[in-house]
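J.: Have a look at the structure that comes next, please.
The values are calculated or read from the model by the stated rules, or taken from the named source; none is laboratory data. As the structure is a computational prediction, the values presented were derived from the model and not from experiment. FYI the Cβ positions are ideal-geometry reconstructions off the backbone, even for glycines, and counts take in every protein chain you see. To get the accessible areas, we keep the full protein, side chains included, count just its heavy atoms, and leave off ligands, DNA and RNA. Shrake-Rupley method; radii C 1.70, N 1.55, O 1.52, S 1.80 Å.
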Amino acid sequence: MASLSPPLDLSHHFSYTTKQRAPSAVKGFYKYFLIPGIANLAGGLPNASYFPYDTLEASAAHPQRFSTVPGGRKAREQPSERLIIPKESPSAMQKKIDITTALQYGTVEGIPPLATFINQFVREHLHPNVPYADGPATVLSAGATDGFAKAVEAFTNTWNPDRDWVHLRQGVLCEEFVYMNAIQTVQPRGLNVAPVAIDAEGMLPYGPGGLLDVLQNWDYRKGRRPHLMYTITIGQNPTGGTLSVERRKEIYAICQKFDVIIVEDDPYWNLQYPSAQEMQAQYRNAVIDKNRLSKRNYNAEGKSSGYEFLDSLVPSYLSVDTDGRVVRLDTFSKTIAPGCRLGWITAQPAVIERISRIIETSTQQPSGFVQAMVAELILGQQIDDDSVSSSSKEKPQKEGWQMDGWVRWLEGLRAGYEHRMQQMCIRLEEGQYTTIDAKRDTDDDDEENSWEILDKVQMYDFSWPTGGMFIWIKVCYDTHPLRQKYAPERLAKAMWVHFTHKPYLCLLGPGTMFSPTEETQRRGWQYLRLCFAAMPEEEVVPVSERLVEGFRAFWQRKDLDGLEDEDGLAQAMDRMQIDPAANFLEIRSPTITSLFWKPQSSLINGSALPNNMSTPLEIINTDLAEEIEAINAIYDPDTITISTSTSSSGATSTTIKLQIPNHPHLSFLLAIEATYPDTLPKILGTASTASRGEGKIAIDVLEDILGRTYQPGAVCLFDVLNEASEAFEELNIGGVSVNTEETPTASAASKTSTAQDDGQNDTDLQAGLASLSLHETFGLEAPPDWILSEVVTEKKSVFVGRAAHVTSLDQAQAYLDYLLASDRKVASATHNITAWRIRQKKQPSSTSKDNTPGEMIIQDCDDDGETAAGGRLLHLMQLMDVWDVVVVVTRWYGGIHLGPDRFRIINAVGRDALVRGGFGKEKEKETNSIGEKGKKKGKK
């Protein structure tokens, strides 16, 4: 057998703080405590004689308590085993399980017997065939969530939009529907979340939305391409899929190509259900490959785990991890109890060493109480033969489960949960269709001559889960009789409330709870997650039948009366206190009404809506929503922010804060009625002023501007901002921004290229940041030398063109990537239309006999959503006979459609940039004026 290669050095992925971490000086003393007879005068350890516990005791199950056959009889009832953890064990330090050791300060490795057992279990039984030299290392964690938090800290830097350039923003890949605790760990760090498409098995490597598609076509305007993946591969939460070894290899190869680290969260690894595919095929009369149903030994070509049960389980990504790029998270939450908050992390030794440094200065190690109880349960008291004198009457206590008992316990758990899965899926399978009345009338209205038919319709669809604790169902709202009357999203919300009514009383997990991005939120309402694990075993069948009856009853409804009242969700939550058996969510205390239908923070171009708003368009109308989005794209993202929303007598009023551009200390509060723009906005007062006494004057000026600008039926805030900025500058009210050379419109088109003096000249600092990783990230020696056109404003839309000399397609693409990554306003524009024409020199080929120097003609364009605009821009370049140039025309949409005029303006600003740069044969005097407003010739 060929020798294995060592794992790759992944230190380039460590975060800045992770690279700087050093071993704890205090913890370094602990190894000397093991020296027999040494007097500890250095450590600050409390004396164990003052611990108030003399023993820790519990009654525990025998590992044979549950049958290994789904639905099989329990083993003959056996008395519980009594566990006693003494104050102090006479064993050697590496075998001690006692109060003195467990409750004392310790090292990150945890108490030695438990740490040793986990390491042995991982290396010899759970992952016996990790394909890199010397195998993986392990370290204890306080559960998988804690382990993921440590991994995220180790491999990512926080990103602050007010401080950091966008090209420094890192990201995390995940399934398109995912366990949201993980996403809520990364979002506060400012990381991009990049969902990857899934099917019934799990993450897709190829195809639209698959991993390769996401990485290959990454939009650098969002930041760096993600280098970290979070995934649950067995019993995926929420979908219940299990990723095959064959697909793991495909995904791993893509991660190798793009240098992605895989964080594999695997809390359900032992809950794999071999019966699911066969039973699904039987119920649906589907043909299935019998070879797929045969029992498989996944370790047949390598080292056996030593247990038939473990060999039969789909292995971890670690089994194909030749590079050492997998970080696996394990937990005792599903094998012993969630309250343990105990687990472990498995990875290559260099990664475990860095994570251990993080643990040293945070959690230090899991609870000593829990470590001692778990160690005693599995290992029992490890008494050395020579530690008990021959005259002693004390006998060593009976040993714990040991490795054999531990594996037997895991197999029993699998059978128990598999039987629950079967029982619920059978009822769902049998009840997924219903019949609805469809009355058809004759031409006359004679009721006696009318006739009826019954339509058989499907209410939901699902795949039997091959692992885990969940069933993921897709509800077929299009078959509901009320679909023509109500939007499917509205039906979904009403149905969730319907299930909380008697006699159904089922708490369902809406798909929006597992939607990591706004895009998946818009699709999440179609799905429901059901947990078959939380309820008592005897309740699985009756609750499943109640669930099916609830679907049928909802499909028979003629209206949504009683399901959409203002307090419906709160009342629903109160009702859920009645019967916890129907809790499909696997939560213990359903007390937060907004848990289910409050969406993720809704944004209007960076301005978060208050939590009491359900959706933006329920509080503000479409006209106002689009106007705010356009203004915040043209000016700063916080030019208009939503302050509050109130509702009375069915009318909604929204209060906004209006920040005057170029006047950082002057802002106003305006009340916008739901009928805007048919009604005039009302000025409530100032939110901030530069000095005392300015408020009254400022309000009078703004009221005058608003009165002159507003026309019923037309949005007016953009015009008010433009005129107010000029008026307050003339009156010297509100404090003027140091950057007074640019008009508000010019500011919308481009970010100033040099830092302004605000009391501290930070030009050098910004230049340093701008050039940071310039060559490494974009392959450029210097920033692009863009030539800007004049800025054109037409019906509140803003256009600006820029052109630059390039010599190759790669250089053109790098210029575009740098522009979008370094200029936030350009990146947030509605469209960035591009075109290029390049005469690129041919490179000599080692395989071709013809190495005659020559040129390769490259010309192409990108509409960026503005259909046909790129082609028109390229045609203009052809007419001007322009070569070796890339042109970008940026448009910020102002909320008013321009029709064909937009193409004229796009070509005009593109042509202006080309002429100003001297790229065309035409002279500047031949160009027509393209607008009164604009920016003087300059470079960016």
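J.: So in segment 204-221, with the set limited to residues that are under 16 Å from the mean Cα position of the chain (by Cα) and assigned to a helix (DSSP H, G or I), which one is nearest to Asp266 (Cα to Cα)?
T.: Within segment 204-221, the match that is nearest to Asp266 (Cα to Cα) is Leu211.
J.: With the requirement that a residue be open to solvent by 10 Å² or more (accessible area, probe 1.4 Å), touching a Ser or Thr at 6+ places or on another chain (Cβ under 9 Å) and not hydrophobic (A, V, I, L, M, F, W, C), what does segment 459-478 give you?
T.: Ser463, Thr466 - these are the residues of segment 459-478 that are open to solvent by 10 Å² or more (accessible area, probe 1.4 Å), touching a Ser or Thr at 6+ places or on another chain (Cβ under 9 Å) and not hydrophobic (A, V, I, L, M, F, W, C).
J.: Turning to a different aspect of this structure: Answer with yes or no whether Glu353 is more than 27 Å from Glu399 (Cβ to Cβ), open to solvent by 40 Å² or more (accessible area, probe 1.4 Å) and not small (Gly, Ala, Ser).
T.: yes
J.: Still on this model: Condition first: in a loop (DSSP other than H, G, I, E, B) and open to solvent by less than 30 Å² (accessible area, probe 1.4 Å). Now tell me which residues in segment 298-311 satisfy that. Lay out the reasoning, then the answer.
T.: Quick first cut of segment 298-311, residues in a loop (DSSP other than H, G, I, E, B) only: 298-307.
Passing the criteria: Asn299, Ser305.
J.: May I pose another question? Identify the residue in segment 314-344 that is small (Gly, Ala, Ser) and outside any loop (DSSP other than H, G, I, E, B) and, among all such residues, is most open to solvent (accessible area, probe 1.4 Å).
T.: The extreme case among them is Gly339.
J.: Might you let me know whether segment 280-287 holds any residue that is buried (at least 20 other Cβ atoms within 10 Å of the Cβ), among the polar types (S, T, N, Q) and assigned to a loop (DSSP other than H, G, I, E, B)?
T.: Scanning segment 280-287 turns up no residue that is buried (at least 20 other Cβ atoms within 10 Å of the Cβ), among the polar types (S, T, N, Q) and assigned to a loop (DSSP other than H, G, I, E, B).
J.: Find the residue count for segment 97-128, including only residues that are among the charged types (D, E, K, R), in a loop (DSSP other than H, G, I, E, B) and either open to solvent by 30 Å² or more (accessible area, probe 1.4 Å) or over 22 Å from Tyr50 (Cα atoms) (or both). Please lay out each step first, then the result.
T.: In the first step, residues of segment 97-128 are kept if they are among the charged types (D, E, K, R); the result is 98, 109, 123-124.
Cutting the leftovers down to in a loop (DSSP other than H, G, I, E, B) gives us 98, 109.
With either open to solvent by 30 Å² or more (accessible area, probe 1.4 Å) or over 22 Å from Tyr50 (Cα atoms) (or both) added as a condition, the list becomes 109.
Qualifying residue count, segment 97-128: 1.
J.: Could you list, in sequence order, the residues of segment 793-810 that are farther than 18 Å from Leu874 by Cβ and open to solvent by 10 Å² or more (accessible area, probe 1.4 Å)?
T.: Hits for segment 793-810 are Thr793, Glu794, Lys795, Lys796, Thr807, Asp810.
J.: Also: Checking the conditions here, which among Arg247, Arg224 is basic (Lys, Arg) and either under 27 Å from Val166 (Cβ atoms) or assigned to a loop (DSSP other than H, G, I, E, B) (or both)?
T.: Working: Arg247 fails: either under 27 Å from Val166 (Cβ atoms) or assigned to a loop (DSSP other than H, G, I, E, B) (or both).
Only one candidate qualifies: Arg224.
J.: Sticking with this structure for a sec: Need the failing condition index for Asp817 against (1) acidic (Asp, Glu); (2) closer than 17 Å to Trp836 by Cα; (3) free of Cβ contacts under 8 Å to residues at least 60 places away in the same chain, just the number.
T.: (3) is the only condition that Asp817 fails.
J.: Only residues that are surrounded by fewer than 19 Cβ atoms within 10 Å (Cβ to Cβ) and free of Cβ contacts under 8 Å to residues at least 40 places away in the same chain: list them for segment 508-561, please.
T.: If the condition is that a residue be surrounded by fewer than 19 Cβ atoms within 10 Å (Cβ to Cβ) and free of Cβ contacts under 8 Å to residues at least 40 places away in the same chain, then Arg522, Arg523, Glu538, Pro542, Asp561 are the ones that fit.
J.: Can you pull out the residues in segment 362-387 that are at pLDDT below 85 and either of a type outside the set (Val, Ile, Thr) or touching a Lys or Arg at 6+ places or on another chain (Cβ under 6 Å) (or both)? Walk me through it before giving the result.
T.: Within segment 362-387, the first condition is being at pLDDT below 85, and the residues that meet it are 382-387.
Scanning segment 362-387 gives Gln382, Asp384, Asp385, Asp386, Ser387.
J.: Considering segment 196-211 alone, what residues qualify as being touching a residue at least 24 places away in the same chain (Cβ under 8 Å) and open to solvent by 40 Å² or more (accessible area, probe 1.4 Å)?
T.: If the condition is that a residue be touching a residue at least 24 places away in the same chain (Cβ under 8 Å) and open to solvent by 40 Å² or more (accessible area, probe 1.4 Å), then Asp199, Ala200, Glu201, Tyr206 are the ones that fit.
J.: While we're looking at this one, here's another question. Can you tell me which of (1) among the aliphatic types (A, V, I, L, M); (2) modelled with pLDDT of 95 or more; (3) assigned to a loop (DSSP other than H, G, I, E, B) is the one Ala200 doesn't meet?
T.: Against the list (1) among the aliphatic types (A, V, I, L, M); (2) modelled with pLDDT of 95 or more; (3) assigned to a loop (DSSP other than H, G, I, E, B), Ala200 comes up short only on (2).
J.: Counting only residues that are at pLDDT 85 or above and among the small types (Gly, Ala, Ser), which one in segment 664-713 is nearest to Tyr635 (Cα to Cα)?
T.: Ser667
J.: Failed condition for Lys295, given (1) surrounded by fewer than 19 Cβ atoms within 10 Å (Cβ to Cβ); (2) outside any loop (DSSP other than H, G, I, E, B), with all others met?
T.: Against the list (1) surrounded by fewer than 19 Cβ atoms within 10 Å (Cβ to Cβ); (2) outside any loop (DSSP other than H, G, I, E, B), Lys295 comes up short only on (2).
J.: Still on this structure, I have one more. Before we move on, is Tyr230 in contact (Cβ under 8 Å) with a residue 40 or more places away in the chain, under 26 Å from Phe514 (Cα atoms), aromatic (Phe, Trp, Tyr) and open to solvent by 10 Å² or more (accessible area, probe 1.4 Å)? Lay out the reasoning, then the answer.
T.: Details: in contact (Cβ under 8 Å) with a residue 40 or more places away in the chain: yes; under 26 Å from Phe514 (Cα atoms): yes; aromatic (Phe, Trp, Tyr): yes; open to solvent by 10 Å² or more (accessible area, probe 1.4 Å): no.
Considered against the rule, which asks whether it is in contact (Cβ under 8 Å) with a residue 40 or more places away in the chain, under 26 Å from Phe514 (Cα atoms), aromatic (Phe, Trp, Tyr) and open to solvent by 10 Å² or more (accessible area, probe 1.4 Å), Tyr230 comes out as no.
J.: Still on this structure, I have one more. In segment 133-171, how many are over 23 Å from Lys19 (Cβ atoms) and polar (S, T, N, Q)?
T.: Number of matching residues: 1.
J.: Against the definition (part of a helix (DSSP H, G or I) and either among the β-branched types (Val, Ile, Thr) or closer than 18 Å to Thr466 by Cα (or both)), how does Gln256 come out, yes or no?
T.: No: the conditions fail for Gln256.
J.: Restricted to segment 152-191, and to residues that are touching a Phe, Trp or Tyr at 6+ places or on another chain (Cβ under 8 Å) and among the hydroxyl-bearing types (Ser, Thr, Tyr), which residue is most open to solvent (accessible area, probe 1.4 Å)?
T.: Among them, the one singled out is Tyr179.
J.: For segment 388-414, how many residues meet the condition of being among the polar types (S, T, N, Q), at pLDDT below 90 and within 21 Å of Ala372 (Cβ to Cβ)?
T.: Total meeting the criteria: 1.
J.: Please go through segment 654-668 and pick out each residue that is under 20 Å from Glu629 (Cβ atoms) and open to solvent by less than 50 Å² (accessible area, probe 1.4 Å).
T.: To start, the set of residues in segment 654-668 that are under 20 Å from Glu629 (Cβ atoms) comprises 654-661, 667-668.
Thr654, Thr655, Ile656, Leu658, Gln659, Ile660, Pro661, Ser667, Phe668, listed by residue number.
J.: Please go through (1) at pLDDT below 85; (2) surrounded by 15 or more Cβ atoms within 10 Å (Cβ to Cβ); (3) in contact with a strand residue (DSSP E or B) (Cβ under 7 Å, 6 or more places away or on another chain) for Phe778 and return the number of the only condition it doesn't satisfy.
T.: (3)
J.: Continuing with the same structure: Val139 fails exactly one of the following numbered conditions: (1) modelled with pLDDT of 90 or more; (2) open to solvent by less than 20 Å² (accessible area, probe 1.4 Å); (3) in a loop (DSSP other than H, G, I, E, B); (4) not small (Gly, Ala, Ser). What is the number of that condition?
T.: (3)
J.: Within segment 604-644, track down each residue that is part of a strand (DSSP E or B), at pLDDT below 50 and open to solvent by less than 50 Å² (accessible area, probe 1.4 Å).
T.: If the condition is that a residue be part of a strand (DSSP E or B), at pLDDT below 50 and open to solvent by less than 50 Å² (accessible area, probe 1.4 Å), then Ile604, Ser607 are the ones that fit.
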